[in-house]
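Structure first, then comments.
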Amino acid sequence: MGETVIPLADLRYTAPVPAIPAQAIPATGLLADALGRPLRDLRISVTDRCNFRCSYCMPKDIFDRDYVFLPQTSLLSFEEITRLARIFVAHGVQKIRLTGGEPLLRKGLDTLITMLADLRTPDGNRLDITLTTNASVLARKATALQAAGLQRITVSLDGLDDAVFRRMNDVDFPVADVLAGIAAAHAAGLGPIKVNMVVKRGTNDQEIVPMARYFRQHFGGSVVLRFIEYMDVGASNGWRMHEVLPSAQVLQRLQDAFADTPLRPLDPTVAGETAERWGWADGSGEIGLISSVTQAFCRDCNRARLSTEGKLFLCLFATRGHDLRSLLRSGASDADITSALAGVWAGRDDRYSELRAAQPAAPADGARRVEMHYIGG
Ligand code: SF4
């Protein structure tokens, strides 16, 4: 008999195994949570590792050489991810976002993308499959990702100035390689491309106008630049409210800098969209504002997050998950897992950002908020 490998569970986050309801709950595609929000968007973290050390996500002093990342045996296999994704899709998921850590560090990711691209919604439609990356290795992978079935891509880029960017990623990575990755994704037809900039007052807010100018002048204005308010995710980034630059001030800076072609509000493209859309008056593209701190958008949050080793988190600021991997590996049937997932989602009432101001700085029960590198942004 071969040696049994016991996968190490990440004990940093409690995650009870969801109960399988006595009464089966079949998938109808219309599952809603306790606040009436449907399940439409699944974010799947395929690795907890990253080659950057962005201070607002994986500060180097905590995620140092001694930090213990998850062993391979703990990670969900591509078959397990696809099996779970199929169940989420039956419950109503229409969009899958692959995240991390840095998802392009997971070996053979194209294979997973092809497996997910074969899935169909209950009414036979293709899924919207996208990915969030720091683009450090995108230049050489873009064509293969597109061929595997990836449709769109989001790139995290916190500044154009090389010195500022190297300080933000804290591994001295050059901005030119990220811009080359965006160009390769554009050439491969992975669009519309979105670029996410986390704005930290006093650190990179001077990059707001140069970034907007750059993406208006490149790629035919097809790249959508989104400015994200710095958030108190996880328990490691030392978040302080005074380092948040509210989106209203970001917008004002852009209006002042580009007064001849002001920004005008645009309608959301889909329900539950996190970004508020603004279009340039001359039609040279649009920007987005993601304001989780000053304009919470929990009321139509339809996002679920799956960690690298199969824990389901119902909110980016959650302190506990639901262990779906144990269900998968316990021999539970798809029907059982379908019912268990329905039970978990139906009980969801998370709205952390709406309640942030009323919340204590740290969870009362001493639990830790889950880290972003573990469940993706
Ligand atoms: S704080 Fe939680 S519930 Fe609110 S929008 Fe973010 S993930 Fe959704």
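The values are calculated or read from the model by the stated rules, or taken from the named source; none is laboratory data. Given the structure is predicted, the values throughout are model-derived calculations rather than measurements. With ideal geometry, Cβ positions are generated from the backbone for all residues, glycine too; neighbour counts draw on all protein chains shown. These accessible areas exclude ligands, DNA and RNA; they are computed on the full protein's heavy atoms, side chains included. Shrake-Rupley method; radii C 1.70, N 1.55, O 1.52, S 1.80 Å.
See the values below:
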item	result
Residue in the stretch 176-210 that is modelled with the lowest pLDDT, counting only those that are open to solvent by 30 Å² or more (accessible area, probe 1.4 Å) and farther than 20 Å from residue 54 by Cβ	191
Among residues of the stretch 232-275, those that are open to solvent by 50 Å² or more (accessible area, probe 1.4 Å), of a type in the set (Asp, Glu) and either touching a Leu at 6+ places or on another chain (Cβ under 9 Å) or within 16 Å of the ligand (Cβ to nearest atom) (or both), counted	0
Members of the stretch 32-64 that are touching a residue at least 24 places away in the same chain (Cβ under 8 Å), open to solvent by 50 Å² or more (accessible area, probe 1.4 Å) and more than 15 Å from the chain's Cα centre (by Cα)	34, 35, 51, 60, 62
Residue list for the stretch 181-204, restricted to those being within 22 Å of the chain's Cα centre (by Cα) and assigned to a helix (DSSP H, G or I)	181, 182, 183, 184, 185, 186
Some residue of the stretch 333-354 being within 12 Å of the ligand (Cβ to nearest atom), outside any helix (DSSP H, G or I) and touching a Lys or Arg at 6+ places or on another chain (Cβ under 6 Å)	no
All strands (runs of 3 or more DSSP E) inside the stretch 234-323 with 2 or more residues being within 17 Å of the chain's Cα centre (by Cα)	286-290, 303-306, 311-313
Whichever residue in the stretch 317-332 is closer than 13 Å to residue 305 by Cα and charged (D, E, K, R) and, among such residues, is least open to solvent (accessible area, probe 1.4 Å)	323
Extreme residue, farthest from residue 179 (Cα to Cα), among residues of the stretch 211-231 that are open to solvent by 10 Å² or more (accessible area, probe 1.4 Å) and of a type in the set (Ser, Thr, Tyr)	222
Filtered residue count, the stretch 120-148, keeping only those that are surrounded by 18 or more Cβ atoms within 10 Å (Cβ to Cβ) and part of a loop (DSSP other than H, G, I, E, B)	5
In the stretch 347-361, the residues that are loosely packed, with under 15 Cβ neighbours inside 10 Å and either among the polar types (S, T, N, Q) or within 21 Å of residue 323 (Cα to Cα) (or both)	347, 349, 359
Filtered residues of the stretch 276-314 (kept if within 18 Å of residue 91 (Cα to Cα), within 16 Å of the ligand (Cβ to nearest atom) and open to solvent by less than 40 Å² (accessible area, probe 1.4 Å))	301, 302, 303, 304, 305, 306, 311, 312, 313, 314
Some residue of the stretch 108-118 being buried (at least 19 other Cβ atoms within 10 Å of the Cβ), in contact with a Pro (Cβ under 8 Å, 6 or more places away or on another chain) and either basic (Lys, Arg) or part of a helix (DSSP H, G or I) (or both)	yes
